[in-house]
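J.: Below: one structure in structure tokens.
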Amino acid sequence: MMALLPGFVELMTAVNNDAAAVASFSLFCWGSLRLLRQGASWLNLLWTVASAGLTYYSKNTAMIALVALPIVLLLAIFRRWLRWIAWFILGAALLAGLAFSFSADDALAWYRGHAWKYVVSQIPGFRQQSEEAPLGRHALMIEVPLQAPARQKQTVVFQVLPPAIAQQIFGREVTLGFWVWSSQPISVTSPILKTAQQEFSIPVAVTTQPQFLAFQIQIPPGSDRLWVEFNMKPVQSNGGQNPPAASAEGQTDVSELGTARLFYDGLVLAPGSRPVDSAPLFLDENASAGIWGDQPFQNLLRNASFETPVPRVKSHWDDLATQVMPDNARPSLMLAALADPAGSAYYFRIVARHLFQTFWARFGWGHVPLVWEWVYEVLAGVSGLCLLGCLIGGWRMRRRLPGDVILLVALCMGLAWGLSLARGAVYLNYPFYYFPTARHAYPVIIPTLLFLSAGWLGLTGEWKLGRVILLTFLAGLGILSIFSIAVFYGKI
């Protein structure tokens, strides 16, 4: 199946680090299964550890081996009647990791923006309780550096408007309003409404008391790219030097040196020209709807008063993971996007379809399709049959399936395909879309094809003609792929 899979074969003929990633992870997978089946030996240990280290020097898409390696070693050391020790250690490590690595103090539907590896993220969560909040009990809090620090610190928080909503207001006038205040007087840029070609904002002089501000925007005709963003670059305070903030005990809070705390609440994006000199009357603390300028409105922004939390990776681990993640992706951004189907489901549906097609037979950088689009529907049917076969075969062999092997294969496949699906979320606040391709998940090509071939065998059983049918189908797909590439590049 691997030799006849067009998408995989096409990529492996190119000179790139994807081939090294597939090779190194495949060696790791082989060594890991030997450890789990045969037990610990010097050869198996050296093989597995060395191949896991090799993934670090091939490509970051293969570095999921470094996550799986401790689990493999635990399961290999504690075998048979000692296996409960391995499961206990893994369970305890998982609970401890969740406790020390995650927090629930960001706001649902608001994403920590894409940050390259030299950018330091804000340590506190964006969703903070505030007694001054005009709406509900929480507000969006952003730490604004008053001067450029040694390491660049530029806070970006944004929310994507789903295309169905964005298309309704392109070419129309809208009004963007917000409550804002700060720990000290500063001048900043207002929340920014962005399209793929333009952005709209106003300068704001912020005081220590909440004030409502708004501005009207004539949105040009467009397609479906629209988002609201807070982009907090270093600013200068209105009063000159920023004095150190004092804690409740009167002691200087070192963490506040050189920063101001900026708060937002009750954001509203409403169609039409609304009065900018009066605040809307919201019907609930979530700011989902209200009356503004004697006219009712539905807020186009979600969780606009930041009352609903969302989990995030704590800043230290978030920054550390950003150093090695593909595209320097921020895990908190990926997690926030997955937790917000109202704003990101449309994107992940497109990505899932693109991953599926590039896995089977879509070439180049994913821009060369098969000449007959309906073939992808046939491939979806074949994949569905394989899934059905896996369920049937798995049920038949449920008492003989090795749990440790299933765990390893499921973990590696889940990480590889899950990260491939989510990695493009870092471009949600960019003028262009980015759709990941299956090459990012090809390091797990062997487990993936074991899944597909086992599913086919589970469906056809001992019927040898079933294998002939599958191999003939794949050979025909290869011929169609060569023809499609030739047609695309004008050779036929």
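Coordinate-derived values only; no laboratory data. Predicted, not measured: the structure shown is a model, and the values here were computed from it. All Cβ positions, glycine included, derive from the backbone under ideal geometry; neighbour counts span all protein chains shown.
J.: By the scheme Lys and Arg +1, Asp and Glu -1, what is the net charge of all other residues having a beta-carbon under 11 Å from that of Gly461?
T.: +2
J.: So, one more: State the Cα centre-to-centre distance between region 17-38 and region 302-362 in whole Å.
T.: Their Cα centres are 27 Å away from one another.
J.: Let me ask something else about it. State, to one decimal in nm, how far the label point of Gln295 lies from the label point of Ala92, with both points 7 Å from Cα in the Cβ direction.
T.: 6.4
J.: Tell me which residues come under 5 Å, amide H to amide H, from Phe363 once H is placed; ignore anything under 5 positions away on its chain.
T.: Placed amide hydrogens put Val368 under 5 Å from Phe363.
J.: How big is the gap, in Å, between the Cα center of region 399-432 and the Cα center of region 199-223?
T.: Taking the Cα centre of region 199-223 as reference, the centre of region 399-432 is 39 Å away.
J.: Between His316 and Phe356, what FRET efficiency follows from the Cβ-Cβ distance if R0 is 35 Å, with the result rounded to 0.05?
T.: Step by step, r from the Cβ atoms, then E = 0.45.
J.: Using the charge dipole of the chain (Lys, Arg: +1 at Cβ; Asp, Glu: -1 at Cβ; taken about the Cα centre), state which of Ala345, Thr437, Leu401 has its Cα farthest towards the positive end.
T.: So the residue we want is Leu401.
J.: What nm distance separates the two modelled labels at Glu285 and Gln168, each placed 7 Å from Cα along Cα→Cβ?
T.: 2.6
J.: What residues of region 199-230 lie in the reach of a label at Tyr433, counting those whose backbone N is under 14 Å from a point 7 Å from the Cα along Cα→Cβ?
T.: Counting backbone N atoms under 14 Å from the label point, the list is 223-226.
J.: Can you work out the Karplus-derived ³J(HN,Hα) for every residue in region 299-307? Use 6.51 cos²θ - 1.76 cosθ + 1.60 with θ = phi - 60°, whole Hz, and x for glycine or proline.
T.: Working through the residues one at a time gives 5, 6, 9, 9, 6, 6, 10, 6, 7 Hz.
J.: Relative to the present Cα-Cα distance, how much length would full extension add between Ala486 and Arg467 at 0.36 nm per residue of separation?
T.: That pair, Ala486 and Arg467, stretches by 3.9 nm at full extension.
J.: Still on this structure: Return the sequence-ordered ³J(HN,Hα) values of region 390-397 in whole Hz as given by the Karplus equation 6.51 cos²θ - 1.76 cosθ + 1.60 applied to θ = phi - 60°, using x for Gly and Pro.
T.: 5, 5, 5, x, x, 5, 5, 9
J.: Here's another thing I want to ask about it. 222 nm [θ] for the chain, helices only, -39500 (n - 2.57) per DSSP H run of 4+, per residue, to 500?
T.: When only DSSP H runs of four or more count, the value is -14000 deg cm²/dmol.
J.: Let me ask another. Which whole-Hz couplings ³J(HN,Hα) result when phi for each residue of region 478-487 is put into the Karplus expression 6.51 cos²θ - 1.76 cosθ + 1.60, θ = phi - 60°, listed in order with x for Gly and Pro?
T.: After applying 6.51 cos²θ - 1.76 cosθ + 1.60, I find x, 4, 5, 5, 4, 4, 5, 5, 5, 5 Hz.
J.: Taking the mean number of other Cβ atoms within 10 Å as a proxy for protection, how do you rank 180-187, 19-26 from highest to lowest?
T.: 19-26, 180-187
J.: Quick one: what does P(r) look like for the chain with 20 Å bins over all Cα pairs, in whole %?
T.: 20, 45, 29, 6, 0
J.: Can you tell me the dipole magnitude for region 1-104 around its Cα centre, using point charges on the Cβ only (Lys, Arg +1; Asp, Glu -1), in Debye to the nearest 20?
T.: That gives region 1-104 a dipole magnitude of about 480 debye.
J.: Moving on. Compute the distance in nm between two label points, each set 7 Å from the Cα along the Cα-to-Cβ direction, one at Asn17 and one at Ile85.
T.: With each label point 7 Å from Cα toward Cβ, the separation is 3.9 nm.
J.: I would also like to ask the following. Note down the relative contact order for the chain as a percent, whole number, built from C-alpha pairs under 8 angstrom at least six residues apart.
T.: 19
J.: Of Pro134, Trp179, Ala20, whose Cα points farthest to the positive end of the dipole of the chain (charges on the beta-carbon: +1 Lys, Arg; -1 Asp, Glu; origin at the Cα centre)?
T.: Ala20
J.: Here's another thing I want to ask about it. Give me the count of lysine pairs in the chain whose alpha carbons sit under 23 angstrom apart, restricted to pairs 8 or more positions apart or on different chains.
T.: Final tally of qualifying lysine pairs is 9.
J.: Would you please give the residues with an amide H less than 5 Å from that of Ala289, counting only those at least 5 places away or on a separate chain, with H modeled from the backbone geometry?
T.: The list, which skips near neighbours in sequence, is Leu283, Asp284, Asn299.
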